[in-house]
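Taking it in order: structure first as structure tokens, then the write-up.
Taken together, the values in this text are just the output of simple stated rules run on the coordinates, not laboratory data. Quick caveat: nothing in here was measured; it's all calculated off a predicted structure. Cβ sites come from the backbone with ideal geometry, for glycine too, and all protein chains shown count toward neighbours.
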Amino acid sequence: MDTSHHLLLLLMFLHYAIGSNSSCVKILPDSSSNIVLEVGKNFTATCHLLEGSVYTSDDIEWRLENISIAKQVYRKINETAVSVTVNVSSDMSGLLRCRAAKKSLSYAPQCIYGIFLRTGYPPLKPKNLSCLAVQEGKDISSYLNCSWDPGSRSPLLDTNYTLTVHVLASDLTYKAECNQHLARYCVVNLETFQIHMLFRVWVEVKNALGSERSDELQKYSAYFVKPNPPLNVRVLTEVNISTSLMVTWKHPVHETILKLSYAIRYRKVASDVWVEVPESFTKAYMESFRLQSLEPYTQYVVQMRCIGESHSSHWSNWSASVTGVNLCSVIFNSCLYSIAYCLLLQAPVKTNGKILEYYLNISQDYVMFESHTIRADKPRLMYSMELPPGKTASIELTAANSVGVSPKATLFIPRSDQELPGVGDMSWSVRDEKPEPELQVEWTAVPSRPAGLHLFHYLLEWVKIPQNVHQTELQAGWQRVSSNVTNTTLNGDLEKFKRYNISVYPIYKYHVRHTLQTHFQAGRPVTRPAYIQQGTPEKGPTVTVTKSKKNSAKLTWEEIPLDRQRGFITDYTIYYEIRNTKQWKSVTVSPNVHSYVLTDLASETDYVVNVMASTVAGSVKGMDCTFKTMKYGDGEVEVIVVVVCLSFLFLTVFIIMFCLRKREVIKKLLWPQVPDPSDSSIAHWSPDFPIKADVPKEDVSVVEVDVFDGKSLCEEDKAVLPLKKDKYLSEDHSSGIGGSSCMSSPRHSVSDIDSGDSGQTTVSTVQYSSVVAATYKGQTPSHQPPVFARSESTQPLLDCEEHPDHLSESGGQSRSSYFRRGRELELGVLGQECDGAVQEEETSPVAEDPPASALCYVQQQSGYRPQ
Amino acid sequence: MAGRGTNGRHGSRGHAGRTAALARLLHKECIQLLELYRNSESLPSSPVDGGYLVSIPPLVPQLSDAEKISILHAALKECLRLLEDVITREDADVSDEDSEYKRKRKTVRDRLGHLLASTEQLLVDGQKFEAKVKEELDGQAVSGSFSLKMWIVRVLQDLVHWTGQTSDTLRSLPAEMEKAPKTMSRRTRRGAEKIRK
């Protein structure tokens, strides 16, 4: 037990010893937390060397955030203490250290001590404290929102704002705290808003350097209330009371909570100036008020707000605008003017009542021409009247309401050849006045006028163009200007971005002697288009390519419609590029140009083009248009075609010439010369042997058949012929002839066909009749020997060509020949032979008789027989 | 805000006028509260018989205005005690959900405290009147749900009645009753602290 006690004491001693060594210096003032200093004031800190320290005051060094403090501000108090005095600045927050160390090398441990400094300002007194509790439903919100001016100087320190509401009667206190450096408002919850109670409200601001308290606001609670605007504000027209409107509303909050008084203001729809009803008229707790002394038949806008009785609360916001129109029934005394032959009627500026009708009388040469009664609900109308040359017209217009008729307004239209002079020149400009720009018109006075004419005044007319065809009313207006004025501001409500034609008419007044009447006549108008404000066009021009060539293209675009131009077109810019290259080129043309030819284009290339329209306010591009340039230029194709045609022509001529020159050669090549048998020389010979009486039976018969000669066929067998016509006429039958082009006649020859070989006779048919003369084993014919004709034709027999072996085999016995026989002979032979052939054909089995071989052939006993 | 009155006077009536307006507002709100309770509990709109719970000395014409106000003030204090008792018993039985009835009930309770504080400013020092609630009507002996509701209706009826009486009395006060609000007595301040809790 004793041992442990001694050990504990030893540990305590060691701890003390180590602690004393580690902090052998100390700073005063000292604090475990930040020491807060006020900016701008001096601060003095003293570093004390503790007893037993090996250092002296000369070894002490002050540092603020690792920066040494100049020795000049050190003050040596004694051998163990050194103080330093600094003027506090806002950036001095940080660690202030006192360090004791030998300047020479030493093993003695250094002593360091530090304190944390924080700089700032004491809070300023909050000023202009005000509080607000808004209406919430039918009650007042329990949240009181107070605001104040904390001053512009930031305290740099954590600052606490405490808003306090003390309800005097109930002695209840409600507080809210806001901890921003520069809090400007705070909201306190009163649980239930204490109506009709006296409040004391103040705000207290506090930080480490001090505290301030605002002036107290001691008010009854209603003072802090901001009610809602009056409910259900309505403006009612009073039919039987002229120039007044009845305004009605509902209280926004019950009078037991806050008794209100009201404020009403009104203005004409077309005006921006509000007229406020004197508060003395509306301070009563009421729910209706009659606005009086208003202009009749005019639209008014009414707004209301409210405040606690005797201004005991905040004003509410203004209510939403409500519009009303008042009616009246008093006669008017003003009328209007009209222009030229197109009569434009405009309602009077001051009608003095509700206009019911207008009466329009038109006279020509002082004789009543026509009259109209115009309904007042369509006060703007147009009348067209044809005025013959040399005639004058007079137009009178009156207006009527329920009380009476107005004075006449007269317009005199002179003869067309008596046009009166107009103003010298006219120009306009826009003045950027707030809130809307104004159109200023200036003109020069009438240079000279005929004697007897008195310039009564000028008339300025503005007509919106283009006129909407669907609109019955003419969108125009005018105003009169005194004759001694040459500039004025148009008071019309001109629309922005719409074009108007502004015209200045001098109106002349003169007396007609013979009628003693006074006439008004308008001089020649001077008109200029104008905009009150210009904008960029609604859409760009749509461009089309009307003609595309090899290196150029013609572009055409429509003019943007007037109602879409929204300003004067200053120029058009044509942009074009080779497709997808994004290398745009541009050409700018004047606004009256609507087509342009692009040149220097590449051939057979896709181009993209668009046109941009510009006004002073901006530009708008139109749609892109793509086109492709041609491969050939103008005339190139024609040249090529002509050259080709000429070449062909020359070639053709050359060939023809060549053919003509070499026709004999060609003829020989194409048409081998076939000797004409008629020109052939026949050798007559007689056999040396005597003709025997018994003529040997001819084994050869020669027949030439013209199948196209109907008569050559068996006349008596015509009934049978149709059945076999196909067989006879089939061209297949001539194939065996050899198809030589020299054999132009489609003749079919039948010769030397053995009846037994009827199935194969086609191929063995000989083209030329062959004449074979043969004697049988040296027998001499009994009658006069026949005369044989032998052809000298060199044309070879096709069959022989095809069957040379057969030719050689039968060469000694048969020879081919060509000769013509008389038709009579042929018919006789054919008639006899066809009989036999038809008969045989009929008896032949159909299956064994192919059509290709179905020829009319002659049965022969002997003759040429193909193998 | 230019033109705003800063004297804090309520027309020509001053503090009494404000207190009368407050009593009138409270009377209106008590009627609304009774209506809300009847609707929420599906009770008939006919009044519950049995007279008023709070009894006070009769307001005979011989009493001065100050005495009448003092008597009514005592009655209102009893009404507040009863209303707080109602709130305690209702909140013990019914869930803590928010409803228009509960919001209005809180408004009436707070406003009644405001009216008590406001009327106390009109009291003449030294005049003390007491209002009583018979023990059998105090609600402590009420058992059963229906009986409790009937008792609550009677409490709310009393509120309507006594706030109406106070409103009427204050509105009939002559101008000489007007005086500036005074600093609260220590007793009242304690009461206010209680109300805040």
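Under 20 Å from a point placed 7 Å out from the Cα of residue B:87 along the Cα-to-Cβ direction: which residues of the range B:13-34 have their backbone N that close?
B:22-34
Could you check how many percent of all C-alpha pairs in the range B:61-125 are farther apart than 20 Å?
Percent of Cα pairs beyond 20 Å in the range B:61-125: 39.
Which ³J(HN,Hα) values, rounded to whole Hz and listed in residue order, are derived for the range A:284-292 from phi using the Karplus coefficients 6.51, -1.76 and 1.60 in 6.51 cos²θ - 1.76 cosθ + 1.60 with θ = phi - 60°, glycine and proline given as x?
Listing the rounded values in order: 5, 7, 9, 10, 7, 7, 9, 7, 10 Hz.
Summing +1 for each Lys or Arg and -1 for each Asp or Glu, what net charge is found among the other residues whose Cβ lies under 12 Å from the Cβ of residue A:254?
Here the count lands on +2.
Calculate the spin-label point distance for residue A:659 paired with residue A:641, positioning each point 7 Å from the Cα along the beta-carbon direction, and give it in nanometres.
That separation, rounded to one decimal, is 2.7 nm.
Using a 10 Å cut-off around each Cβ, can you sort A:154, A:316 from fewest to most neighbouring Cβ atoms?
A:154, A:316
Given a Förster radius of 60 Å and the C-beta distance between residue A:648 and residue A:568 as r, what FRET efficiency does 1/(1 + (r/R0)^6) yield to the nearest 0.05?
0.45
Translational diffusion coefficient, Stokes-Einstein: compute it for the range A:33-151 using the Kirkwood radius over C-alpha pairs as Rh, at 25 °C and 0.890 mPa s, and state it as an integer in µm² s⁻¹.
Estimated diffusion coefficient is 137 µm²/s.
Of A:650, A:497, how do they rank once you tally other Cβ atoms within 10 Å and put the fewest first?
Fewest-to-most Cβ neighbours within 10 Å comes out as A:650, A:497.
Given a Förster distance of 41 Å, report the FRET efficiency between residue A:354 and residue A:445 from their Cβ-Cβ distance, rounded to the nearest 0.05.
Result of the calculation: an efficiency of 0.55.
Between residue A:173 and residue A:430, 0.36 nm times their residue separation minus their Cα-Cα distance comes to what?
In short, 86.1 nm is gained.
Does anything in the range A:29-53 have its amide N under 20 Å from the 7 Å Cα→Cβ label point of residue A:160, and if so which residues?
A:32-38
Quick check on the exposure proxy: order A:67, A:502, A:666 from fewest to most C-beta atoms within 10 angstrom.
Going from least to most buried by this count: A:67, A:666, A:502.
Report the full-extension gain for the segment residue A:218 to residue A:28: residue separation times 0.36 nm, less the Cα-Cα distance, to one decimal in nm.
63.8 nm
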